[in-house]
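Report on the following structure.
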Amino acid sequence: QVQLVESGGGLVQAGGSLRLSCAVSGRLMSAYAMGWFRQAPGKEREFVSAHGRNDFTRYADSVEDRFTISRDNAKSTVYLQMNNLNPDDTAVYFCAAEYMGFGTSNIRSYAYWGQGTQVTVSS
């Protein structure tokens, strides 16, 4: 089984930055594509970014050029650097893993999920 634990969320003013981390344990992270999703109150969970097992990355249009996903297989950790945050980015952010995946935005492809970390952006 793969366990995912997110950290790094918090309260930040609009225009600020946060870096989320997701620690992976139980299996080698190199065998998994990693994704970030978010869920705002009253809304469905949505795709944010994904990183394939190689260098492939993918972003939602709403975060393109503001967010950067990266992974360190040696540390079994995936990161989401979030810059120029705005109140619309307020949500619980979830890390997810897809075995032997390529970095899809399809939420159904991810079998393993963390508990989430809250990000709140004040105006």
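The values are calculated or read from the model by the stated rules, or taken from the named source; none is laboratory data. The model shown is predicted, which means the values in this text are computed figures rather than measured ones. Note that we place each Cβ from the backbone using ideal geometry, even for glycine, and neighbour counts take in every protein chain shown.
Brief remarks follow.
- Scanning the stretch 72-101 for residues that are touching a Phe, Trp or Tyr at 6+ places or on another chain (Cβ under 8 Å) and hydroxyl-bearing (Ser, Thr, Tyr) returns TYR93, TYR99.
- The residues on offer are ARG27, ARG53, and the sole one that is within 20 Å of VAL2 (Cα to Cα) and at pLDDT below 95 is ARG27.
- In the stretch 21-33, the residue that is nearest to the chain's Cα centre (by Cα) out of those that are surrounded by 23 or more Cβ atoms within 10 Å (Cβ to Cβ) and not aromatic (Phe, Trp, Tyr) is CYS22.
- First in the stretch 25-44 and at positive phi, second anywhere and assigned to a loop (DSSP other than H, G, I, E, B) and exposed (fewer than 14 other Cβ atoms within 10 Å of the Cβ), Cβ under 8 Å, 6 or more apart: GLY26/GLN1
- Any chance ARG27 is touching a Gly at 6+ places or on another chain (Cβ under 8 Å) and among the charged types (D, E, K, R): no
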